[in-house]
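*Asks:* First the structure, which I've put down as structure tokens, then a few questions once you've had a look.
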Amino acid sequence: MSSVKIECVLPENCRCGESPVWEEASNSLLFVDIPAKKVCRWDSLSKGVQQVTVAVSSVALRQSGGYVATIGTKFCALNWEDQSVAVLATVDKDKKNNRFNDGKVDPAGRYFAGTMAEETAPAVLERHQGSLYSLFPDHHVEKYFDQVDISNGLDWSLDHKIFYYIDSLSYSVDAFDYDLQTGKISNRRSVYKLEKEEQIPDGMCIDAEGKLWVACYNGGRVIRLDPETGKRLQTVKLPVDKTTSCCFGGKDYSEMYVTCARDGMDVEKLLQQPQAGGIFKITGLGVKGIPPYPYAG
């Protein structure tokens with residue numbers, strides 16, 4: 001096993017960094033900072049960062065150019081060049097206190113994202129207010145289920161037959177049977193229950209071997225899981241507690257990028273963890289990821 005190396009490549013001081021996604025065309029990492037209301041794009045070659053100010057919670061690539069993003073309770077198209085936003089669809093119209101959280105595009109180009117109630121403090125909120133949705137390429141929206149606490153990590157198996165999903169306060173990584181043709185999900189079950197020291201499951205991605213990587217909020221780690229056996233295969237600890245999400249990137253998708261947060265940390269904790277809110281790169285994992293899918297609409 002090659003030796004794992006962890007470095008803070010961008011000391012960004014994100015209040016809550018989330019939704020990392022690799023953009024191969026520009027050798028860049030996209031990510032959002034939810035409380036700071038911004039989408040950032042970090043150029044891995046020049047090390048420069050560009051940003052657009054918008055009340056965003058997740059961002060994804062778009063096949064026709066530019067990006068899609070979840071903003072408030074809206075699915076939107078984001079034009080990076082002129083920083084304009086076009087609303088594609090709105091959800092949860094009856095829930096004024098809700099917002100989208102994490103989102104990701106499926107292998108057929110649908111943009112999945114779930115909602116939650118606004119937090120009063122990190123991971124403190126009115127429960128069961130969220131739902132899971134997807135925006136189809138023709139811009140119509142399907143709702144899958146409600147009663148969600150904090151809609152979080154999502155990804156699909158390599159054969160596209162299983163959809164993986166995290167509702168953070170269930171402390172579980174769940175799987176559904178997935179129909180790629182229709183986007184329908186069924187047969188929900190838990191494939192991994194987090195242990196106490198792993199804390200709260202947050203963002204998630206899949207690797208080229210079909211194993212899941214889950215960022216553990218307050219747990220200061222990403223864990224690698226085998227969704228077929230329900231076993232944890234590997235733990236990578238980071239020098240920050242509030243790890244939020246992860247994705248693979250770099251020219252051959254052998255690098256892992258991890259976002260984290262600093263909101264909710266007191267002065268003493270911030271002194272102990274000066275890199276809190278930074279963007280981390282992990283190399284030497286010995287496994288690669290797969291490219292993100294772009295939204296097809």
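*Asks:* Among the residues of the stretch 24-41 satisfying the criterion of being of a type outside the set (D, E, K, R) and touching a Ser or Thr at 6+ places or on another chain (Cβ under 6 Å), which is surrounded by the most Cβ atoms within 10 Å (Cβ to Cβ)?
*Replies:* Per the criteria, the residue is 32.
*Asks:* Restricting attention to the stretch 38-49, does a residue exist that is among the hydroxyl-bearing types (Ser, Thr, Tyr), within 22 Å of residue 278 (Cβ to Cβ), without any contact (Cβ under 8 Å) to a residue 12 or more places away in the chain and out of contact with any helix residue (DSSP H, G or I) (no Cβ under 9 Å at 6 or more places or on another chain)?
*Replies:* Looking through the stretch 38-49, at least one residue is among the hydroxyl-bearing types (Ser, Thr, Tyr), within 22 Å of residue 278 (Cβ to Cβ), without any contact (Cβ under 8 Å) to a residue 12 or more places away in the chain and out of contact with any helix residue (DSSP H, G or I) (no Cβ under 9 Å at 6 or more places or on another chain).
*Asks:* I'm told residue 270 meets every condition in (1) modelled with pLDDT of 95 or more; (2) within 25 Å of residue 157 (Cα to Cα) except one. Can you identify the failing condition by its number?
*Replies:* (2)
*Asks:* Could you check the stretch 147-160 and list, in sequence order, the residues that are over 17 Å from residue 74 (Cα atoms), out of contact with any Leu (no Cβ under 8 Å at 6 or more places or on another chain) and not hydrophobic (A, V, I, L, M, F, W, C)?
*Replies:* Matches in the stretch 147-160: 147, 153, 157, 159.
*Asks:* Would you confirm whether or not the stretch 72-79 contains a residue that is part of a loop (DSSP other than H, G, I, E, B) and without any contact (Cβ under 8 Å) to a residue 12 or more places away in the chain?
*Replies:* Looking for residues that are part of a loop (DSSP other than H, G, I, E, B) and without any contact (Cβ under 8 Å) to a residue 12 or more places away in the chain, one finds none in the stretch 72-79, hence no.
*Asks:* Cβ-Cβ below 7 Å, separation at least six or inter-chain, first residue in the stretch 282-297 and closer than 29 Å to residue 78 by Cα and of a type in the set (Phe, Trp, Tyr), second part of a loop (DSSP other than H, G, I, E, B) and open to solvent by less than 50 Å² (accessible area, probe 1.4 Å): which pairs?
*Replies:* Within 7 Å, the pairs are 293/106; 293/107; 293/109; 295/109.
*Asks:* Now for a different question. What are the residues in the stretch 56-88 that are on the phi < 0 side of the Ramachandran plot, open to solvent by 50 Å² or more (accessible area, probe 1.4 Å) and of a type outside the set (A, V, I, L, M), if any?
*Replies:* Within the stretch 56-88, 62, 63, 64, 74, 79, 81, 82 qualify.
*Asks:* Right, here's the next one. If only one of 21, 4 is touching a residue at least 40 places away in the same chain (Cβ under 8 Å) and open to solvent by 60 Å² or more (accessible area, probe 1.4 Å), which one is it?
*Replies:* After applying the criteria, what remains is 4.
*Asks:* Follow-up question, since we're still on this one. Within the stretch 162-213, track down each residue that is open to solvent by 40 Å² or more (accessible area, probe 1.4 Å), part of a loop (DSSP other than H, G, I, E, B) and more than 21 Å from residue 127 (Cα to Cα).
*Replies:* If the condition is that a residue be open to solvent by 40 Å² or more (accessible area, probe 1.4 Å), part of a loop (DSSP other than H, G, I, E, B) and more than 21 Å from residue 127 (Cα to Cα), then 180, 181, 182, 195, 208, 209, 211 are the ones that fit.
*Asks:* Can you tell me which residue in the stretch 142-161 is least open to solvent (accessible area, probe 1.4 Å), limited to those that are more than 14 Å from residue 131 (Cα to Cα) and part of a loop (DSSP other than H, G, I, E, B)?
*Replies:* 157
*Asks:* Quick check, is residue 123 touching a helix residue (DSSP H, G or I) at 6+ places or on another chain (Cβ under 8 Å), touching a residue at least 40 places away in the same chain (Cβ under 8 Å) and aliphatic (A, V, I, L, M)?
*Replies:* Spelling it out, residue 123 is indeed touching a helix residue (DSSP H, G or I) at 6+ places or on another chain (Cβ under 8 Å), touching a residue at least 40 places away in the same chain (Cβ under 8 Å) and aliphatic (A, V, I, L, M).
*Asks:* Now for a separate question. Any residue at all in the stretch 279-287 that's basic (Lys, Arg) and open to solvent by 50 Å² or more (accessible area, probe 1.4 Å)?
*Replies:* no
The values are calculated or read from the model by the stated rules, or taken from the named source; none is laboratory data. All values reported here derive from a predicted model rather than from experimental measurement. Here the Cβ is made from the backbone with ideal geometry for all residues, glycine too, and neighbour counts use every protein chain on show. Ligands, DNA and RNA are stripped out before the accessible areas are found, and what is left, the full protein with its side chains, is counted by its heavy atoms. Shrake-Rupley method; radii C 1.70, N 1.55, O 1.52, S 1.80 Å.
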